[in-house]
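The values are calculated or read from the model by the stated rules, or taken from the named source; none is laboratory data. This structure is a prediction, so every number in the text was calculated from the model and none was measured. Here the Cβ is made from the backbone with ideal geometry for all residues, glycine too, and neighbour counts use every protein chain on show.
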Amino acid sequence: MDVLSILIDWLPYLLSGVASTLGLVLAALTLGLLLGLPMALGQVYGSRPVRWVVGVYVWFFRGLPILVLLFLFWFGIFPGLGLGDLSAFVVGAVVLGLRGAAYQSQIFRGAIQSVGEGQMIAARSLGMSRVTAIRSVILPQAMRIALPGWSNEYPNILTDSAVCYAIGVVELLTITARMVTQTHITMPIYLATAGIFIILNYGGLKALHRLEKRIAIPGFGTGAM
Amino acid sequence: MDQSVFIFDILLPALMQGLVVTLQLIACSAPFGLALGIAVAVGRQYGGRVTSWLCKTFVFLIKGTPLLLLLFILYFGLPAIGITFSAFVASVVGFILCNGAYNAEYIRGALISIKDGQMVAARSLGMTRWQAIKNVILPQALRRAIPGLSNEFIYLIKYSSLAYMLTVIELSGAGKLVATKYFTYTESFAVVGVIYLVLVTITTAAVSILERRVAVPGTARAATAAQL
């Protein structure tokens, strides 16, 4: 009972951690989307140097552990660029987003390439410009194909957001660690946080799957993905 | 201080010591992670109702929890109920659980992809269910699971860095210590990053060799390249 009442007292604090974690995840997913989609287009339709640059970017961000990326940007690159004033939260979101962009670009690239080439030829023969064809014909199909794979980015970023603890972002895990230090209650608090992460994880996935069904075009099935 | 002196005389020797610990972490985790993955996948697919449910719940819980939180539970949480691990052992246990849960998903997918007729044929030849799984189903399924399993192996290399958060001085930790002592954050973490990239790139190449080595002639499917 004692443990429970302490947990309830700390609940608002814990919930502020949930808000912070969700903020990190949303910012990172958005940044990843804004960067990842142009990168995918560059990799499919771009010139050779563009493809090369995107390839190197993806290789770099997918090859490094998130912890090393966070340390590199938080202690090294951002202060080196004169951006030492940025808060840990911003740096955490940006690093998660930059890395997410590398993963997302590959999801979108696969989806764009899976739209038949005849679509582009048909669109062009109807007089559309290349850009119009990509925007009005290719992408509406590709984005729907990409969504199941894209949905998996959410749990990945959610679980990786906990590593932002290492650079001092006050998110759910940091708050959990503080609660443990101050209350000396360990397992119940850790398990409560694990429960919260699990709920966020599968709750978010469920919402994304609902979105998939929402925007599906009847007859344009991509099979069970 | 001269840059090259710093990198070759101070940074790299420290990082090499860290690299040894990183490789130890991986070597201790990967085989058990694979074994756990096989056990959980087979249990879920062919086990009784209770076993199957337990395996499913295990994967559900581990996949839903951040690895760093799992490591905290193992290292800081378990002592409260009387189980104490060293930081290294806690890290390895965490990696095995996490790696095993994700491996299980790939192996289960591969098990499902083996046609039911194989089991029926094996049973009709007089094999027990267990013999059929061990000698007929798994050898085929594991080959199909190689691309997914190698992905998870590469994740293991990268996530081994989280052991530093439990005070294990592995590659990232060694880099952090040098960076803090000499105030050379960008250089130190850049070199650490290069070492991880080398590890990951070597693994990717090794996997494609392995895939060709263990391929059974005549059973090749459209090659799925191992990705990061």
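Before moving on, here are some points about what is shown:
- Residue within the stretch A:176-190 that is facing chain B (nearest Cβ under 10 Å), more than 23 Å from the chain's Cα centre (by Cα) and aromatic (Phe, Trp, Tyr) present: yes
- Answer residue from the stretch B:116-142, given it is in a helix (DSSP H, G or I) and among the small types (Gly, Ala, Ser) and is farthest from the other protein chains (Cβ to nearest Cβ) among those: B:124
- Residues of the stretch A:21-40 that turn out to be crowded, with 21+ Cβ neighbours inside 10 Å and of a type in the set (A, V, I, L, M), as a count: 7
- Qualifying residue in the stretch A:190-200 (condition: at pLDDT 90 or above, in a helix (DSSP H, G or I) and in contact with a Lys or Arg (Cβ under 8 Å, 6 or more places away or on another chain)): no
- Residue match in the stretch B:138-148 (condition: without any contact (Cβ under 8 Å) to a residue 40 or more places away in the chain and among the polar types (S, T, N, Q)): no
- Criterion violated by residue A:145 - all others in (1) free of Cβ contacts under 8 Å to residues at least 60 places away in the same chain; (2) buried (at least 19 other Cβ atoms within 10 Å of the Cβ); (3) away from every other protein chain (no Cβ under 14 Å) satisfied: (1)
- Some residue of the stretch B:143-160 being more than 10 Å from chain A (Cβ to nearest Cβ), under 20 Å from residue B:6 (Cα atoms) and surrounded by 17 or more Cβ atoms within 10 Å (Cβ to Cβ): no
- Within the stretch B:179-193, residues that are facing chain A (nearest Cβ under 8 Å) sit with their Cβ atoms under 7 Å from residues that are surrounded by 17 or more Cβ atoms within 10 Å (Cβ to Cβ) and not in a helix (DSSP H, G or I), at 6+ positions apart or across chains, in these pairs: B:193/A:64.
- Residues within the stretch A:108-152 that are within 26 Å of residue A:93 (Cα to Cα) and either hydrophobic (A, V, I, L, M, F, W, C) or touching a Phe, Trp or Tyr at 6+ places or on another chain (Cβ under 6 Å) (or both), tallied: 6
- Hey, residue A:26 closer than 18 Å to residue A:149 by Cα and without any contact (Cβ under 8 Å) to a residue 24 or more places away in the chain or not: yes
- Count of residues meeting criterion [facing another protein chain (nearest Cβ under 7 Å) and surrounded by fewer than 24 Cβ atoms within 10 Å (Cβ to Cβ)] in the stretch B:70-80: 4
- Within the stretch B:178-201, the set of residues being more than 28 Å from the chain's Cα centre (by Cα), of a type in the set (Val, Ile, Thr) and buried (at least 22 other Cβ atoms within 10 Å of the Cβ) comprises just one member, B:184.
- Residue B:121 being out of contact with any strand residue (DSSP E or B) (no Cβ under 7 Å at 6 or more places or on another chain) and exposed (fewer than 15 other Cβ atoms within 10 Å of the Cβ): yes
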